[in-house]
Amino acid sequence: MTLRPRAVPREHRRPPTGTSGTCVVVHPALKSGARTRAPQARLAEAVGLAEAIDLNVVNAEIVSLSAVRPATMLGEGNVERLAQTIADAQERTGDPVVVVMDAALTPVQQRNLERAWNAKVVDRTGLILEIFGKRARTAEGRLQVELAALVYQRSRLVRSWTHLERQRGGFGFMGGPGEAQIETDRRLIGERIGRIRAQLETVRRTRELHRRARRRIPYPIVALVGYTNAGKSTLFNRLTEAEVVAQDQLFATLDPTMRALPMPSHRTVILSDTVGFISDLPHELVEAFRATLEEVNEADAVVHVRDIAHPDTAEQKEDVHAVLHSMGLADALEGSLIEVLNKADLLSEDEREVIANRISRSNAHAVLVSAKTGRGCDRLLDLLDERLTASDAVMDVDLPASDGESLAWIYRHGHVVSREDAGEVVRLTVRLDADHAARLARRLDLEA
């Protein structure tokens with residue numbers, strides 16, 4: 001059954017200021033699909049992706065399919081009906097229409113739909129790559145996205161691609177006037193892919209040098225992961241008092257950011273904010289962002305930020321775990337994972353109580369928070385501290401009261417659990433990580 005075209009609901013709309021084109025969004029839903037995610041939620045997500053690059057969505061609908069057609073994905077009747085919908089949208093707005101198909105199209109399907117609709121057609125992979133190309137800011141991020149875009153384009157045989165220096169940003173999957181584009185072939189794309197991979201290998205080596213330097217300090221690493229728009233950057237800002245871009249928008253953060261975070265135990269950790277995941281993440285991007293997400297595998301603790309108020313929160317959790325597994329980061333899910341159930345401020349009091357009771361009964365490493373208001377963040381820091389100090393050494397130390405230098409060193413590098421001033425002697429119980437415990441033992445032996 002095909003759902004009738006409908007106007008975009010108010011909750012899916014954003015002001016069309018600065019839009020780069022008129023857009024129609026189509027979500028093909030297989031009747032026998034294995035996914036449990038509601039088609040309406042997927043449609044809303046596709047609308048959000050289109051709006052993330054300032055497309056003005058004038059129509060969005062779900063098309064129910066009994067089977068995928070090799071030539072056009074959709075059946076002939078749906079193709080004809082949507083052709084009229086697209087023509088009406090173009091006549092109504094006076095602008096060329098971009099059609100976003102919320103699925104992975106083959107090159108043949110994409111070409112046939114463009115001919116049938118006389119409009120630019122972009123599939124889910126192309127749309128996500130366009131967003132990443134427009135948003136990436138660091139040199140590494142742009143290299144990673146360009147690599148993914150070129151691998152995607154190479155599968156299309158004859159496509160056009162544009163230089164990253166274009167003022168508009170992105171990778172030109174949308175087309176448009178004034179863009180300087182060149183025709184390229186497999187050989188040119190292959191050569192460029194080879195150069196980018198060599199550059200990214202240099203980036204990986206540099207990252208490894210940085211990680212070795214951090215191990216010598218050493219500061220524990222805490223990595224934030226989660227579905228896009230789950231609130232990772234808002235939580236990052238709340239905890240570190242940083243000013244990372246945090247918007248109610250898909251893929252607001254693409255380039256990883258690190259900041260120092262003081263803990264209740266007085267130790268310092270490095271908090272890393274990473275790119276958000278999404279369902280059906282293009283495999284080109286999974287490979288391209290492997291270097292960035294290596295930080296997750298190196299982390300001492302991984303914090304999975306979930307939008308607990310989202311209707312698809314369980315499915316989003318599965319998507320994040322699937323991406324981590326596909327990148328060989330399954331170790332991050334074993335033993336070091338803490339779940340942050342974010343956006344508690346969007347829940348009713350009864351809903352919050354039910355979730356809190358569930359966490360308590362399961363004894364899970366989870367905490368209900370609102371990064372927006374700060375609720376639950378203190379409990380999150382305590383939970384992180386417990387995880388990071390679980391392997392710490394607890395030492396009883398007697399120091400001469402006159403040894404201010406050693407006393408200051410202990411307070412600087414450890415957590416003083418208790419202190420007793422007994423005349424000329426200061427008795428301390430102190431918690432230290434393994435490295436600092438060994439250094440303190442050497443220090444006291446030298447002074448003994």
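The values are calculated or read from the model by the stated rules, or taken from the named source; none is laboratory data. As the structure is a computational prediction, the values presented were derived from the model and not from experiment. Virtual Cβ from ideal backbone geometry, glycine too; neighbours counted across all protein chains shown.
Of the numbered criteria (1) of a type in the set (Gly, Ala, Ser); (2) part of a loop (DSSP other than H, G, I, E, B); (3) out of contact with any strand residue (DSSP E or B) (no Cβ under 9 Å at 6 or more places or on another chain), the one ALA371 fails is (3).
Looking only at residues in region 240-269 that are aliphatic (A, V, I, L, M) and touching a strand residue (DSSP E or B) at 6+ places or on another chain (Cβ under 9 Å), the one that is modelled with the highest pLDDT is LEU261. Report yes if some residue within region 387-397 is without any contact (Cβ under 8 Å) to a residue 40 or more places away in the chain and within 30 Å of ASP307 (Cα to Cα); otherwise report no. Yes, region 387-397 contains a residue that is without any contact (Cβ under 8 Å) to a residue 40 or more places away in the chain and within 30 Å of ASP307 (Cα to Cα). Does VAL100 qualify as being in contact with a Cys (Cβ under 7 Å, 6 or more places away or on another chain), within 22 Å of VAL24 (Cβ to Cβ) and not in a loop (DSSP other than H, G, I, E, B)? Judged against the criteria, VAL100 is a match. Residues that are buried (at least 21 other Cβ atoms within 10 Å of the Cβ), at pLDDT 75 or above and farther than 29 Å from ALA322 by Cβ: does region 272-288 have at least one? No, region 272-288 contains no residue that is buried (at least 21 other Cβ atoms within 10 Å of the Cβ), at pLDDT 75 or above and farther than 29 Å from ALA322 by Cβ.
Cβ-Cβ contacts under 7 Å between residues 6 or more apart (or on different chains), taken from a first residue in region 72-86 that is in a loop (DSSP other than H, G, I, E, B) to a second residue that is polar (S, T, N, Q) and surrounded by 15 or more Cβ atoms within 10 Å (Cβ to Cβ), are listed as THR72/GLN109; THR72/ASN112. Considering VAL426, VAL430, the condition of being assigned to a strand (DSSP E or B) and within 44 Å of the chain's Cα centre (by Cα) is satisfied by VAL430 alone.
What is the residue count in region 108-165 for residues that are modelled with pLDDT of 80 or more and either within 16 Å of the chain's Cα centre (by Cα) or part of a helix (DSSP H, G or I) (or both)? The qualifying residues number 33. So for region 338-350 (the condition being surrounded by 14 or more Cβ atoms within 10 Å (Cβ to Cβ), touching an Asp or Glu at 6+ places or on another chain (Cβ under 8 Å), modelled with pLDDT of 90 or more and not small (Gly, Ala, Ser)), does at least one residue qualify? Yes, there is a match, as at least one residue in region 338-350 is surrounded by 14 or more Cβ atoms within 10 Å (Cβ to Cβ), touching an Asp or Glu at 6+ places or on another chain (Cβ under 8 Å), modelled with pLDDT of 90 or more and not small (Gly, Ala, Ser).
Across region 353-373, the qualifying residues are those that are polar (S, T, N, Q) and within 21 Å of LEU224 (Cα to Cα), and the one among them that is surrounded by the fewest Cβ atoms within 10 Å (Cβ to Cβ) is THR373. Selection of region 374-398 for residues being out of contact with any Ser or Thr (no Cβ under 8 Å at 6 or more places or on another chain), at pLDDT below 90, part of a loop (DSSP other than H, G, I, E, B) and surrounded by 12 or more Cβ atoms within 10 Å (Cβ to Cβ) yields only ASP392.
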